[in-house]
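Chemist: What follows is a structure written as C-alpha cells; I'll ask about it next.
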Amino acid sequence: MTANETLTVPRHVGIIMDGNRRWAKSQGLPTLEGHRRGAETFKDIALQSFERGVEYVSAYVFSAENWQRTEDEVGYLMNLVVKAVDKYLEEFNERGIKIVILGRREGLRRKVIDAIKHTEAQTKDNKTGTLALCLNYSGHDEIEDAAAKVLSSGATIKPESIRQNLYHPEIPDLDFIIRTSGEQRLSGFMLHRAAYAELYFTTTLWPAFTCNDMDNALDEYGLRKRRFGS
C-alpha cells in the first residue's frame, strides 16, 4: 500500500481556477490564451481527481460578476465553454463522469444553453463521478433562488429546506476547496456548501497547476483533522 492510499480522500472538491490572465501575461501571450490553457489544465486536474477517488469535482467556470469583463473576453469565454464541451465530452462520458451545470441560465447565449443541455443529457446516467460546472453562478443567487422555491412551495425556510432546493441538491457539501494564484477568498463560490470545507491556497497560477500539484493538495487534505466546530 502506498502513502497516498492511506490518506483520506475528500468526497467533494471545489476548485476556484484563478490566474489565467496573469499566467498569459507572464508568458508574453495574449490574455485570452490563458483561458484556453486553463481549460486544458482543468480537464487534466478533474480526471486526476476522479482517479484519486474523489466523487464530486466542482469548478468556478464563470461567475455572475464576470459579466463585468470586456465584451471580447466574455464572448471568448462563452465560446470556450462550447468548444470545451465539444472537445472533452466524449472522454468524460467514456470514463463514466456525469456533468451538471450550476447557475442561472438567464443571459446565456442560445448556443451555450444548447451545449449545456446536450452535455447533461449525454452524461445523465453516468455513475463514476460528478463534475459540476458553476457557470453564470453566484453563491448568493443560489441561496436566493433556493429560498424563493421554498416560499413558493409554502414551506418554512430552514437550513434543510434551503439545502433541498439548491441547484442540483444531490451534490453534497464541499470537503475541500482549492484556490490558485495566491488569492485567499471564496468569491461567492458555493457558499451554502462551503460552510465546513477545508481551504487550500496556492500561489501557482491556474494554467501552471499540475497533476502533481493536485496530488500534493489532496495529500495535505488527508493529513488534516476535521472538527466541524467541535
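Chemist: When the helix-only estimate is applied to the chain (DSSP H runs of n ≥ 4, each -39,500 (n - 2.57), divided by the residue count), what is the mean residue ellipticity at 222 nm, nearest 500 deg cm²/dmol?
Modeler: Values: 7 runs with 99 residues, N = 230.
It lands at -14000 deg cm²/dmol.
Chemist: While we're here: Under 10 Å, Cα contacts only: if you run a Gaussian network model on the chain, which one of 48, 184, 68 comes out with the highest mean-square fluctuation?
Modeler: 68
Chemist: Do any of 124/158; 25/225; 25/117 go past 32 Å between their Cα atoms, and which?
Modeler: Values: 124/158 29 Å; 25/225 38 Å; 25/117 34 Å.
With Cα atoms farther than 32 Å apart: 25/225; 25/117.
Chemist: Connecting C-alpha atoms closer than 10 Å in a GNM of the chain, tell me which of 205, 77, 151 has the biggest fluctuation.
Modeler: 151
Chemist: Additional query: For the chain, set up a GNM with springs between Cα atoms under 10 Å and report which of 29, 131, 102 has the largest fluctuation.
Modeler: Looking only at 29, 131, 102, the biggest GNM fluctuation is shown by 29.
Chemist: Between the stretch 139-161 and the stretch 1-77, how many Å separate their Cα centres?
Modeler: The distance from the Cα centre of the stretch 139-161 to that of the stretch 1-77 comes to 29 Å.
Chemist: If you don't mind, there's one more thing I want to ask. For the stretch 1-130, report the translational diffusion coefficient in µm²/s to the nearest whole number, using Stokes-Einstein at 20 °C, 1.002 mPa s, and a Kirkwood Rh over Cα pairs.
Modeler: 134 µm²/s
Chemist: Explain nothing, just compute: Karplus ³J(HN,Hα) = 6.51 cos²θ - 1.76 cosθ + 1.60, θ = phi - 60°, for every residue of the stretch 47-60 in order, whole Hz, x for Gly and Pro.
Modeler: Values per residue, Gly and Pro as x: 5, 4, 4, 5, 5, 7, x, 5, 8, 10, 10, 10, 9, 7 Hz.
No lab work stands behind these numbers, since they all come straight from the coordinates. The structure displayed is predicted, hence computed values, not measured ones.
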